[in-house]
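The structure appears right after this line, and notes come after that.
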Amino acid sequence: MTEAARPRTARPEPPPLDVDALIDDVATRVVVCCGSGGVGKTTTAAALALRAAERGRRTVVITVDPARRLAQAMGLDRLDHTPRPVTSQEDAEGSSGRGELHAMMLDMKRTFDEIVEEHADPERARRILANPFYRSLSTGFSGTQEYMAMEKLGQLRRSEAWDLIVVDTPPSRSALDFLDAPKRLGRFLDGGLVRFLTAPKGNGVLRFLGAGFDVVGSVIGRITGPGFLNDLRSFVSAFDTVFGGFQERAERTYRSLRGPDTAFLVVAAPEPDPLREASFFIERLRRDSMSPAGLVLNRTHPLPAGPAAELSAQEALEAAESLEGTGEHPLAAAALRLHAERVRARERELLLRDRTLAAHPGIRTVEVADRAEAVHDLNGLRGIGASLAGAAPETEG
């Protein structure tokens, strides 16, 4: 018997995620939306922040999306490094929104510059900011964006200006990059190779190595350019006094993610790779004593309510073939085939979802139905927020 022909049985639904209870809880100060790239984290974070603000909380959302789409959806010309107030027409007329919503976009270089300016004396800061190696590190090193998202989160927490901070994590290939980046960046800056290459030539080890080190340096110089080692030495020398605080803040922010006031929403799409990443992330959060509040499954395709939802894919196909055999009602036959495709797609989504949830029993889940159009205004974000809160999903025809 084919899978399509098997009689469908009612499957147990996972425990629902109560998003409104999460964002209404005054004990929750930070919500981190995480997951692999391209699963809708940015829209989820923005919709969640808007809903929290309209339910009375002073909220800021920090996004890493470089596109203008989110800014336009919030009615802003642009997002930048400074939190900007988001005001709808309803807010202006005083009929909606008891709280406040601000939005900002992570500027990783500016955040890195702020660390240097805050923790180095003016002359040392000038040398660091002008160093070519620093400019490359602050704009393009793998893990810098994730680290700076964590750094900016720490700054926002310390400001005490917000009831709730919603973080849209960077669009990394792996969701785990957000948690791993601070340690990875720290290991690089404090690693043996960097220390070896930047040690003064009078160092006893390098005197012992003698010509061997010169050969290594010569080879690296040919690969990277003659000024690379000088730039790297100059950077490490100037950065040393900043680095201790750099590591300490990273560890402090990392520890704060374990606190009871921080919740993680793991965002995924109903596809194998995003759900695999989501599963890895839930495991990692639990292993690190962090709090996975729930799973947001974006872009799902629920069946429309009503008697048609009980029609299996096999039954729909058989009915379509029967109509096609008579040559009558071609539109009805086409609709039945579309229904069969929809049922099969939904069954596949539920199979993938259930496999993931079987590995994480008890994880709370909410689905957000796919939409025909991209979100382009606050009403669209409100609709996503309503779906996150468990309102009946909007379905196509």
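The values are calculated or read from the model by the stated rules, or taken from the named source; none is laboratory data. Not measured: the values here are computed from a predicted model. Cβ sites come from the backbone with ideal geometry, for glycine too, and all protein chains shown count toward neighbours. In case anyone asks, the SASA skips ligands and DNA or RNA and just uses the protein heavy atoms, side chains included. Shrake-Rupley method; radii C 1.70, N 1.55, O 1.52, S 1.80 Å.
Quick notes
- Karplus-derived HN-Hα couplings along segment 316-331 (A = 6.51, B = -1.76, C = 1.60, θ = phi - 60°), whole Hz, x at Gly and Pro: 5, 5, 4, 5, 5, 5, 4, 5, 5, x, 8, x, 9, 6, x, 5
- Across 152, 109, the residue with the most accessible area heads the list, and the full order at a 1.4 Å probe is 109, 152.
- Taking label points 7 Å from Cα along the Cα-to-Cβ direction, residue 329 and residue 21 give a separation of 4.5 nm.
- Heavy-atom SASA rank of 105, 150 (probe 1.4 Å, accessible area, largest first): 105, 150
- Potential lengthening of the chain between residue 130 and residue 345 amounts to 72.0 nm, from the contour at 0.36 nm per residue minus the alpha-carbon distance.
- The smallest convex shape that holds all Cα atoms of segment 112-151, its convex hull, gives 52 Å³ per residue.
- Proximal charge balance of residue 102 [Cβ under 9 Å; K/R count +1, D/E count -1]: +1
- Amide H contacts under 5 Å for residue 81, placed H, 5+ residues apart: 105
- About its Cα centre, segment 330-396 has a charge dipole of approximately 240 debye under the convention of +1 per Lys or Arg Cβ and -1 per Asp or Glu Cβ, with nothing else charged.
- Measuring only protein heavy atoms, the 1.4 Å probe finds residue 256 accessible over about 30 Å².
- Principal axis box of segment 293-397, alpha-carbon based, largest edge first, Å: 53, 37, 20
- Rounded to the nearest 10 Å², the accessible area of residue 177 at probe 1.4 Å: 40
- Phi-derived couplings, Karplus 6.51 cos²θ - 1.76 cosθ + 1.60 at θ = phi - 60°, listed residue by residue for segment 151-156: 4, 5, 4, x, 4, 5 Hz, with x used for Gly and Pro.
- For residue 263, residues with placed amide H under 5 Å, excluding near neighbours: 30, 31, 32
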